[in-house]
2 protein chains.
Amino acid sequence: MSLTGTFTEATSVETVNARHAACTNPRLAEVMSALVRHLHDFAKEVHLTQAEWGLAIDFLTRTGQICSGQRQEFILLSDVLGLSMLVDAIGNRRPAGATENTVFGPFHVDDAPRRQMGETICLDGKGESCLFEGRVLDLEGKPVAGATVDVWSDNAEGFYDVQQPGIQPKGNNRGVFVTGEDGRYAFIGIKPVSYPIPDDGPVGQMLAQLGRHPYRPAHMHYLVTAPGYQRLVTHTFVGGDAYLASDAVFGVKASLIAPYERLEGQATQWRSPFDFVLAPA
Amino acid sequence: MSLTGTFTEATSVETVNARHAACTNPRLAEVMSALVRHLHDFAKEVHLTQAEWGLAIDFLTRTGQICSGQRQEFILLSDVLGLSMLVDAIGNRRPAGATENTVFGPFHVDDAPRRQMGETICLDGKGESCLFEGRVLDLEGKPVAGATVDVWSDNAEGFYDVQQPGIQPKGNNRGVFVTGEDGRYAFIGIKPVSYPIPDDGPVGQMLAQLGRHPYRPAHMHYLVTAPGYQRLVTHTFVGGDAYLASDAVFGVKASLIAPYERLEGQATQWRSPFDFVLAPA
């Protein structure tokens, strides 16, 4: 019996994608057709074996099963493959001069405490204190008033408050600040420290087998929003960190490395100035 | 500060794959580097949005979480994307004349009952009885003695015994036969019926959104092995089945469609002859 459209190694992509003809969502059909093509091309290129395919099925299954309300191993997988940063880059192409985006990460909370300008966000008394300050500007260098500057970092031991409920005070190293007419922000935090992403699961095992370390260079997170401007999700990185060139999630951009100046003879030990430049919406 | 090797949309693949330099498993580095390249090329080609990426993370998470000892949703996902068939095809390129492979499927058991040649495998008395018979041959057409022919199919209601423990008798529509000097095999089963793959999970939802049905055309499974020959994992399909051209898992090959002859005035209602030709190991 002759049968059109049956599956061979040569026709695999066309055979599968012909099935999308009845899809009523053209974007879904486009995305899935491209995914099938790239996935099949990958398998053909490396001559993927059934044993390797079996390992991949097992890996993906374990990655899904370890996910919980407190843990998202598939986002972590996307992060270490550079896919999260790539999607972020594609979705946030900015004009020259605007501050660049980087990964959001899993540790933001929606209800961080609103604080007064200049106040400290460090509630556990650990770490080297640091004054973070600068301005929120538009592309012409004019101050943006009423910008919300939502900041968060790990504590001196490398953990976010949400990773250590009951150990760290709630809201430790977090705060939301709103700029005035001068566009200025300022707060006291700590000089952040580098830390490993969660590496006791399938993604950590994969990194180990690839000969990769799980560390992120020290950084302060920022979510800066203002009406009429693009939402800015970014970090500033501590210059000189040992992991700047090998961030496990590829979040580093040269433009986001901030100065950390030692302040001698003052209660606050460091100062890290940084201006954020917002692109129009 | 200048920093080599940081991540941009243009350099994403090279940046990620440079991290495989310390991998001591060259095959793993090769496979992962190709996967990263194809995955990034896919995201760039379709301009994958953060919202779409979020849907994919959620889909993969749900796919992993529904897996259990009785259910493997990632294999099902691989099946409906044609990836399982592709890996099978790459791993089982056969000389002309040898019987083609198709997907193994999730319903084989290792301890199916050994039966006498000609015996019935249907224990629940349901369905239209069918004589399956033929020979196991080598590429020169000579009989293969001592070949193990392991067969399994769904029952007349479209379920395998392992899907209905306590409802179907254990070993229903399964059997293991061993050929004699003439290479012949024969057994009584039922004319198989088409059935849907499990479609109450994430993969079923995906098929529905793609406008695809979840059905497989009716088929009898065979695992044929003999010392000195390649392991043959295949089906024979019932010619004329409504889903032959649209198997949800792309398992149909034209060479595997078997005749089903109506037997008039006999206790057995159908006869399906098929010879299996093994390639040397």
Legend entry - Helical mean residue ellipticity (222 nm; -39500 (n - 2.57) per DSSP H run of 4+; nearest 500) of chain A: -7500 deg cm²/dmol
Legend entry - 3J(HN,Hα) from dihedral phi, the stretch A:248-257, Karplus parametrisation 6.51/-1.76/1.60, rounded to Hz, x for glycine, proline: 4, 10, 6, x, 6, 10, 4, 5, 9, 7
Legend entry - Separation of the B:Ala18 and A:Ala21 label points, Cα + 7 Å toward Cβ, nm: 4.7 nm
Legend entry - Potential lengthening between A:Thr148 and A:Asp58 on full extension [0.36 nm per residue; Cα-Cα distance subtracted]: 28.0 nm
Inset, instruction - One decimal, nm, shortest first: give the distances between the label point of A:Pro165 and those of the same position in the other copies, each label point 7 Å from Cα along Cα→Cβ. - result: 3.6
Legend entry - A:Thr120 long-range amide H proximity, modeled H, under 5 Å: A:Ile188
Inset, instruction - Please go through the stretch A:88-170 and write out the GluC sites (Glu not before Pro) that DSSP classes as loop and that have at most 11 other C-beta atoms within 10 Å. - result: A:Glu140
Inset, instruction - For A:Ala51, put the label point 7 Å out on the Cα→Cβ axis and report which residues of the stretch B:231-263 keep their amide N under 17 Å from it. - result: B:231
Inset, instruction - Kindly list the residues of the stretch B:115-137 that lie in the label zone of B:Arg271, defined by a backbone N under 20 Å from the point 7 Å along the Cα-to-C-beta vector. - result: B:117-122, B:128-137
Inset, instruction - Kindly identify the stretch B:1-48 as rounded, prolate or oblate by the Cα gyration tensor criterion: order the square roots of the eigenvalues as a ≥ b ≥ c, call it rounded if a/c is under 1.5, otherwise compare a/b with b/c, prolate if a/b is larger, else oblate. - result: oblate
Inset, instruction - Pop out the ³J(HN,Hα) list for the stretch B:205-214 in order, Karplus 6.51 cos²θ - 1.76 cosθ + 1.60 with θ = phi - 60°, rounded to Hz; leave Gly and Pro as x. - result: 4, 5, 4, 4, 5, 7, x, 10, 7, x
Legend entry - When each of A:Lys191/B:Lys44; A:Lys253/B:Lys44; A:Lys142/A:Lys191 is checked by Cα-Cα distance, pairs over 30 Å: A:Lys191/B:Lys44
Legend entry - Exposure proxy order (Cβ contacts within 10 Å, fewest to most) of B:Thr11, A:Thr99: B:Thr11, A:Thr99
Inset, instruction - Identify all aspartates and glutamates with a Cα-Cα distance to A:Lys170 below 18 Å; exclude those on the same chain that are fewer than 8 residues away in sequence. - result: A:Asp110, A:Asp111, A:Glu119, A:Asp124, A:Asp150, A:Asp154, A:Glu157, A:Asp161
Inset, instruction - Return the loop-located trypsin sites (Lys or Arg not before Pro) in the stretch B:51-128 (DSSP other than H, G, I, E, B) with at most 15 other Cβ atoms within 10 Å of their own Cβ; answer none if there are none. - result: B:Arg93, B:Lys126
Inset, instruction - With the Cα gyration tensor of chain B in hand, give its eigenvalues times 5 under a square root as the equivalent ellipsoid semi-axes, listed largest first in whole angstrom. - result: 42, 23, 16
Legend entry - Qualifying trypsin sites (Lys or Arg not before Pro) for the stretch B:160-231 [loop in DSSP, other Cβ within 10 Å: at most 14]: B:Lys170, B:Arg231
Legend entry - Label spacing, shortest first and in nm, from B:Leu139 to its equivalents in the remaining copies (7 angstrom along Cα→Cβ): 6.6
Inset, instruction - At 0.36 nm per residue, minus the direct Cα-Cα distance, what do A:Asp111 and A:Ile167 gain on full extension? Give it in nm, one decimal, please. - result: 18.3 nm
Inset, instruction - Could you work out, residue by residue across B:234-240, how many beta carbons of other chains sit within 10 Å of that residue's beta carbon, and then give the average as an integer? - result: 1
Inset, instruction - Enumerate the calculated ³J(HN,Hα) couplings along the stretch B:73-85 in order (Karplus 6.51 cos²θ - 1.76 cosθ + 1.60, θ = phi - 60°), each rounded to whole Hz, writing x wherever the residue is Gly or Pro. - result: 6, 6, 5, 4, 4, 4, 4, 6, 8, x, 6, 4, 5
Legend entry - Sequence-distant residues sharing a close amide H with A:Tyr185 (under 5 Å, placed H): A:Gly134, A:Arg135, A:Val136
Inset, instruction - Look at the axis of the rotation that sends chain B onto chain A, then give the chain B residue with the nearest Cβ and the distance in whole Å. - result: B:Gly64, 0
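Read-outs: derived from the displayed coordinates by stated rules, not from any lab. No experiment lies behind these values; they were computed from the predicted model shown. Note that each Cβ is placed from the backbone with ideal geometry, even for glycine, and that neighbours are counted across all protein chains shown.
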